[in-house]
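Trainee: Please see the structure below; I have some questions.
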Amino acid sequence: MHLDIYMILGSAFVGLLVGTTGAGGGALMTPMLILLFGVTPSSAISSDLVAAVLMRPFGAAVHLRKRTVNLRMVAWMVAGSVPMAFLGSYLLHVLGGGAAEDQTHVELALGIALLAGASAMVLRYVLDRRAGHQRIASISEITVRPLPTMAIGMVGGLIVGLTSVGAGSLMIVLLLFVYPRIGANQLVGTDLTQAVPLTAAAAAGALIWNPVVFGVTASIAIGAVPAVLIGSYFSSHAPDKYIRPVITFVIFASGLKYVGVPTTQLGITVAAVLVFGLTFWLVRARPWNRQAPAPAFQASQADGAALAPSANGSAPVAASSPEAVNGANPELANGSGAAEPATEPRQAG
């Protein structure tokens, strides 16, 4: 078994994206193995699936510990995805000679759907920002819809069985439109958790028909598992406004890959989008114009201005304290807060 240090580093990058977004594993890992390291397509797919079985439970465990997984939603998705994954593997075997062409058509349709989904996510973000809406509902506030959720799992499972890639990105897009109020950390946690049994089913189907290169699998696992842990920790703790743009970017890049954009043009396009996004954020946020916190002496002056002199001319007392309201004398005549009037002095006889 031979370990490749460059494959480990590349797998770490992909694993970081998977842990952060729950998507992009198959769309990025399999092409990397084929194009950069010369692994045959069948071995790349099988090795990637087996490695995914090893790395995704770690990401799911982080989100389960953080309680960012909707387990009822996971159950309905798995009920639809696991049987359809086996069915997809069987259909791929039955198709025989036409399997490659049919798989190309499926990937093209998947790429178009992902690009449309990424565009819709950007539009929804802009509209939410203008309207002041925040999609950060807690798990208890999300009402699970069984039939649409199971349908999402069935579509994702069938695509995994036919192409071995792309289901994570598509499922995230579909979940966002079925549950528009779900927070990004719950979205990633739920998708990572449901992917554990789905990936295991797809890997079992792939092992029947395709060989696994254990050196490739080991290299992927060594690089990806720690990176998935880091990415999952970030996605389970970071605010929604940081996670959603990353998810949108990964889905956009996955869609470009599936519609057949060549590797060089894909790299240029992704880099251009990153530069444009960073420039847009700098222009909008202008972090260099943020005011520094007030100096300590200004804070002390503000505190001094809030002090009010007491009734008998003693040391100033904060206006919000009982002494400032009732006077320096703590003895009150009654519970209403009014002081007992002083008695007049007796006149000398």
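Values quoted throughout were computed directly from the atomic coordinates according to the rules given, and no laboratory measurement underlies them. Everything quoted here is computed from the prediction, not taken from an experiment.
Trainee: By the gyration tensor of its Cα atoms, with a ≥ b ≥ c the square roots of the eigenvalues, what is the shape of the stretch 43-84: rounded for a/c under 1.5, prolate for a/b over b/c, or oblate?
Mentor: In terms of gyration-tensor shape, oblate.
Trainee: Based on alpha-carbon atoms only, what is the radius of gyration of the stretch 5-285 relative to the globular estimate 2.2 N^0.38 Å?
Mentor: It is 0.94.
Trainee: Turning to a different aspect of this structure: Quick one: Debye curve from the C-alpha atoms of the stretch 158-267, no solvent, what's log10 I(q)/I(0) at q = 0.09, 0.11, 0.13, 0.21 Å⁻¹?
Mentor: Normalising to I(0) and taking log10 leaves -0.29, -0.44, -0.62, -1.41.
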